[in-house]
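The values are calculated or read from the model by the stated rules, or taken from the named source; none is laboratory data. On a predicted model such as this, the values are computed, not experimentally measured, just so you know. All Cβ positions, glycine included, derive from the backbone under ideal geometry; neighbour counts span all protein chains shown.
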Amino acid sequence: MLGDAAIDQLVDYAAGTGNKRPPLFRWKPFTNLFRRNKIPNLGLSDLQKAGFGLLIFGSLPIGAISIIFLVLSFLVLGVDGLIRLTDRRVLVMDCGRPASVPRSLLFLDTWYALVRGIGREAVPCRESLLERLRSTCPEEAVIGLETVDYRVLDDLIAREQIVVRFRRAVVFCHVYGYGEDLYVGWDAHLDCGDWKEIDVSQGYSPVHGVKARLTTVQSGITLPTNYQLADANGVAEWVHRQIREHVKLLMAEHAIDQEIDFTIIRGQRDDALGRRSDSDSKNESKTQSRRFRMRRIA
């Protein structure tokens, strides 16, 4: 991470006011191009080293002695292979994983409405809705605020949204002011993100005397089950009921005479569970384009 001095130096160099090259732009030795990352504690066993050494000496044209070296090398390598076949122990060295789970959202349902005349009350309305959700939330639900940054043309927009997490279900609640009108809505998703273990390298650990495997994790996707879909349905219905009562209370407080449709806009459940028919497989490109359009940035 760059400090304040390094950032000032980088700005001066980019603006042409400084002659000293920043650390990010300094030339590195040419030998760095040929360096490779080395994984410690993984290598050849002692028998393998001895066998390959005898094999090298046996390849030299020194008469009958080379034949003896070749025979010995085959014997040593054969003993090493027999030991590896009989010893089924494998030491797995894992690099660990981050505390948070990667987020890969699959859209389910949504609802939204525009309430006239109270757009300036967006901040207190969001805070009161947050308190309402926290006071009536299910036992395992986690409710908080998230700041989302996204770019629009040459500008960067930042806004706050209420996030309700319940196991694999994620519901985003939106309360924003647009002039004199107040936008209130929510959208429910299933979080399919997960960590997948992959192999980085494998070999022999001379320190522990067994075969070793070095693993790490990368973000992946796990298809949800019917139970996780039921959790998402339940928490979405609960959030919708709380927001509906909250909107009605706001309209009563400000004496707003407006008819609002509280019907939930339902999404596709078969796509959420990975069930696809033959007709859907033919329209795979269209489905992917729709998912891309509905993909969230956070």
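Take the residues in the stretch 217-228 that are crowded, with 16+ Cβ neighbours inside 10 Å and in contact with a Cys (Cβ under 8 Å, 6 or more places away or on another chain); name whichever of them is nearest to R89 (Cα to Cα). Break it down stepwise before answering.
Quick first cut of the stretch 217-228, residues crowded, with 16+ Cβ neighbours inside 10 Å only: 217, 224, 228.
Adding the requirement that they be in contact with a Cys (Cβ under 8 Å, 6 or more places away or on another chain) leaves 217, 224.
Working: V217: 22, P224: 34 Å.
So, considering only residues that are crowded, with 16+ Cβ neighbours inside 10 Å and in contact with a Cys (Cβ under 8 Å, 6 or more places away or on another chain), the one nearest to R89 (Cα to Cα) is V217.
Give me the strands (runs of 3 or more DSSP E) completely within the stretch 120-196, filtered to those with at least 2 residues that are among the β-branched types (V, I, T) and touching a residue at least 60 places away in the same chain (Cβ under 8 Å), ordered by residue number. Lay out the reasoning, then the answer.
Values: elements: 142-152, 155-166, 169-178, 181-191.
Counting at least 2 such residues, we get 169-178.
Got at least one residue in the stretch 168-186 being modelled with pLDDT under 85, aliphatic (A, V, I, L, M) and either loosely packed, with under 14 Cβ neighbours inside 10 Å or under 23 Å from the mean Cα position of the chain (by Cα) (or both)? Spell out how you get there, then give the answer.
From the stretch 168-186, those modelled with pLDDT under 85 are none; that's our starting set.
No - not one qualifying residue is present in the stretch 168-186.
Per-residue answers, yes or no, for (1) modelled with pLDDT under 85; (2) under 30 Å from L114 (Cβ atoms); (3) in a loop (DSSP other than H, G, I, E, B):
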position	(1), (2), (3)
G203	yes, no, no
V207	yes, no, yes
R213	yes, no, no
P224	yes, no, yes
Q228	no, no, no
N233	no, yes, no
A236	no, yes, no
V247	no, yes, no
A252	no, yes, no
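Is it the case, given these coordinates, that A113 is at pLDDT 90 or above, surrounded by 13 or more Cβ atoms within 10 Å (Cβ to Cβ), small (G, A, S) and closer than 25 Å to L190 by Cα? Full working, then the answer.
Details: at pLDDT 90 or above: yes; surrounded by 13 or more Cβ atoms within 10 Å (Cβ to Cβ): yes; small (G, A, S): yes; closer than 25 Å to L190 by Cα: yes.
It is true that A113 is at pLDDT 90 or above, surrounded by 13 or more Cβ atoms within 10 Å (Cβ to Cβ), small (G, A, S) and closer than 25 Å to L190 by Cα.
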